[in-house]
1. For the stretch 218-228, just list the computed ³J(HN,Hα) in residue order, Karplus coefficients 6.51, -1.76 and 1.60, θ = phi - 60°, integers in Hz, with x standing in for Gly and Pro.
2. What are the ³J(HN,Hα) values, in whole Hz, obtained from phi via the Karplus relation 6.51 cos²θ - 1.76 cosθ + 1.60 with θ = phi - 60°, for each residue of the stretch 211-217 in sequence order, with x given for Gly and Pro?
3. Read phi for every residue in the stretch 146-155 and hand back ³J(HN,Hα) as whole Hz from Karplus 6.51 cos²θ - 1.76 cosθ + 1.60, θ = phi - 60°, with x for Gly and Pro.
4. Once you put a point 7 Å from the Cα of ASN412 and another 7 Å from the Cα of ASP233, both along the Cβ direction, what distance in nm separates them?
5. Evaluate E = 1/(1 + (r/R0)^6) for THR275 and SER166, where r is the Cβ-Cβ distance and R0 equals 25 Å; express this FRET efficiency to the nearest 0.05.
6. How big, on average over all directions, is the shadow cast by the Cα convex hull of the stretch 364-421, in nm²?
7. Hey, what D do you get for the stretch 223-278 in µm²/s if you plug the Kirkwood alpha-carbon radius into Stokes-Einstein at 10 °C and 1.306 mPa s?
8. Determine the gain in length on full extension of the stretch THR84-ASN250; use 0.36 nm per residue of separation and subtract their C-alpha separation, reporting nm with one decimal.
Amino acid sequence: MDEDAFDRLTRLLAGRLTRRVGLASSLAALAWGRSAPDLEARPREQVRRRDERSAGDAEVIDEKRPCGPKARDNRCNTHKDCCTKFCKPPKGDAKVGRCRCIKLGKKCKSGQTCCGGAVCEGKRCVQQTPPAGPCTVCASGCAFTSVNDAYAAAAPGAVITIGAGSYPTNFAVSKNITLEGCGSLPGAELTVERSVQNADSYYAIARDNDGDANLYTVTMRSLKLTGSYPTNDKEAVLVSNGLLTLVIENCQVSNVATMLYAEEGAHVVTNVTVTNGYSAVYNSSVSTGSLTITGCTFSDLDSYAVYSSADNADPLTGPIFSMTNTSITGCKSNALFYGGTTTVTGCTLTGNGGSSAEEFGGLGLENGIMTVIDTTISGNSDSLFGGGIYVKSSATGGNASLTLAGTTTVTNNTAPDGAGLAVIQLAPYTVTVTGA
């Protein structure tokens, strides 16, 4: 073996037989005939560096095996960093511990590392919920503590996010706006502000700006909307006299006299529950707008659930109404009364009526064209007639046309006259039953 080969072998052994910086550097220096600092110029050497973190003496091995996930490399002591794991102390006669992390759901101690980015809370490793983004409105630490102030400062089309808490809210709408629960924070709740009311004497969370002739849209999403009904029986989520459209999505509405008091406008209500109020939706008789209700639950209301006083509406140009996959139960008056063009699909109307002479308990039609598909109308009642279905065409020349289709069933409804179906003929009318 010549001198160069011997030097190379000595250098290789010096790097592999020990990880102590002092000995490795000395032997390597002998092999190369150079000082230890010169080794820093050789990138392929395994040279330790001191970790500059505030954690103390932890060191990290550069290059090939910085943390060592298995076997010998999984060993650790106070001078070796386990990277994303913690160093479990040695037991018995062992001189080194092991790098490990605590699995999700297992017990942990302060300072230990949980696997997979979990955190040690309540002495167990739990999955950490990503923090919600900053809210526009919250009790403290946000840009606003008032929804009214946030609305006044918002640009047209802005999204106002609302953190957990209860916020008295009432503003006159002068721009498109979205009010939305903030991130994953539960309990964001808008309450009707009773210090302001509009010309119709209805208190409202959002109402028309009487001095503005433009049509605006307000979207409310993932919120709780509450009032103090029956103490105050003129409360609403929205009051619209034709210049405001409301979109309500994934909201819970309770103790509000009327969720939607509206005329014109393309109103959309999706995945909304309304309970313990007077009614869910009131649509004025002069309405020529539209209303779409999908996937909702209206229950335990002191009057009707959805009502349109469409006596003078032309059935062909009157309000357009669609209700799909919606349940209406336990309302003290009728479940649904509508004119214009109406389609009811996959709905359940049960246990409504019985406490007032509203002429029907379940479903009513006056001066319009109504199609009912795959719907159950059962257990409704009235003190006059039309416990299940009431159809009327008025003396003003309107026409009422009702079609029951698909798997629609009308059963177990009660009334002194026309328990299942009552038809009042003051003008032409049509009742069609197809496969129901």
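1. Listing the rounded values in order: 10, 10, 10, 9, 6, 10, 9, 10, 9, x, 10 Hz.
2. Here the 3J(HN,Hα) series is x, 10, 8, 7, 8, 10, 10 Hz.
3. 10, 5, 4, 5, 5, 5, 4, 8, 6, 7
4. With each label placed 7 Å out from Cα toward Cβ, I get 3.2 nm.
5. Details: r = 18 Å, r/R0 = 0.71.
Plugging the Cβ-Cβ distance into 1/(1 + (r/R0)^6) gives 0.90.
6. Numbers: hull surface 15.2 nm².
Its average projected convex-hull area is 3.8 nm².
7. Working: Rh = 11.4 Å.
So the translational diffusion coefficient is about 140 µm²/s.
8. Values: separation 166, 0.36 × 166 = 59.76 nm, distance 4.01 nm.
Full-extension gain reported as 55.8 nm.
FYI, it's all coordinate maths here, none of it is from the lab. What you see is a predicted model, and the numbers here were worked out from it, not measured in a lab. Positions of Cβ are generated from backbone atoms using ideal geometry, with glycine treated the same way; all protein chains shown enter the neighbour counts.
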